[in-house]
1. Which far-off residues, 5 or more places away or on another chain, put their amide H under 5 Å from the one on residue 107, with H placed in the peptide plane?
2. How would you rank 38, 200, 263, going from fewest to most other Cβ atoms within 10 Å of each one's own Cβ?
3. Around residue 229, which amide H atoms from residues at least 5 apart in sequence, or from another chain, sit under 5 Å from its own amide H, with H modelled in the peptide plane?
4. If we count other beta carbons within 10 Å of each Cβ, what is the order of 220, 254, 76, fewest first?
5. If the viscosity is 0.692 mPa s and the temperature 37 °C, what Stokes-Einstein diffusion coefficient in µm²/s follows for region 76-122 when Rh is the Kirkwood radius over Cα pairs?
6. Going by C-beta contacts inside 10 Å, put 44, 58, 36, 219 in order with the fewest on the left.
7. Compute the Kirkwood hydrodynamic radius of region 183-243, taking the inverse of the mean of 1/r over all pairs of distinct Cα atoms, and give it in Å to one decimal.
Amino acid sequence: MPDPGSRQVSGARRTPSSDRGAALVPLIVATGVLLLVISAVVNLVVFQYGKGVVRSALDEGAPVEQASRSTTGTFECEARANNVLSDLLGGQMGTGVHVACVDDGTRMIATATVHFDGWFGSVTDYDTTLVAPATRETRRDDRDPPRSIPLAVGLLLLPVVIVVLSIPPWPERQSIATSAACASSLLYATAPNAAAGAAIADDAVHQTANNYGIDNLTLELTGEWCRGCEVTARVTVTIPAIRVPFAGTVGSFEWTATSTARIDDYRSISPSDAP
């Protein structure tokens with residue numbers, strides 16, 4: 001005769017080890033997204049460094065202080081700019097910069113055509129053209145950090161903030177469910193009888209839910225309650241799919257932790273408690 005705390009469930013059984021393995025999935029995804037965003041930010045910083053080096057090279061080749069017709073030939077202008085580039089911007093980035101100097105009759109004008117290969121394919125390549133010298137007022141504005149940089153950095157960091165705020169509830173809820181399942185199976189297996197064990201295990205799960213502020217933590221007990229028998233506790237928790245800062249949660253999914261305990265082979269069981 002089946003005991004009141006036991007309900008049979010068809011289908012494959014999940015082991016605690018598989019539950020713990022499933023908890024690693026969101027962490028792996030979060031780590032991948034975080035590394036991708038960090039790489040994009042570093043790529044942006046490298047591009048800005050290269051752009052600054054090119055500007056310095058143009059200033060060296062055609063100084064802004066030249067107010068009258070330059071006595072420096074175009075060859076020397078290009079040589080001085082290329083020397084700066086070779087010192088500060090070698091390797092693949094340096095090969096993407098080409099400097100040309102032109103004498104317009106009043107001053108020497110240096111122009112750099114820039115192409116930097118992006119780290120994520122041709123979509124992220126950086127192309128621009130820089131010219132020197134310009135008027136002092138224009139040059140001063142050019143040296144100011146572009147206003148788009150803070151916006152770009154903010155857009156790159158936004159996914160990191162979302163991931164950090166949304167991923168932690170996943171392993172936390174999974175850990176809570178796993179701990180509750182282990183405690184419930186042990187309490188059920190060591191109780192005086194099946195009915196008392198089911199009540200004690202259910203109280204323990206409800207207490208865990210109250211401690212962590214979880215509304216939906218459910219318990220299911222399976223297995224025959226007898227000497228040498230194994231009983232299994234399944235604790236199901238609802239996990240928010242995404243937690244949007246200051247807005248709440250979006251979507252959810254259920255996750256079940258299982259734990260099995262063995263009733264002692266030589267424990268005393270009264271005839272009324274025997275199945």
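1. So residue 107 has HN proximity to 70.
2. Result, fewest neighbours first: 38, 200, 263.
3. 263
4. Least crowded to most crowded, the residues run 254, 76, 220.
5. D = 277 µm²/s.
6. Lowest to highest Cβ neighbour count: 36, 44, 219, 58.
7. Numbers: mean 1/r = 0.0813 Å⁻¹.
In region 183-243 this quantity evaluates to 12.3 Å.
Values in this text are rule-based calculations from the coordinates and carry no lab data. Keep in mind that what you see is a predicted model, and the values were worked out from it rather than measured. Neighbour counts are summed over all protein chains in view; Cβ atoms, including those assigned to glycine, are modelled from backbone coordinates with ideal geometry.
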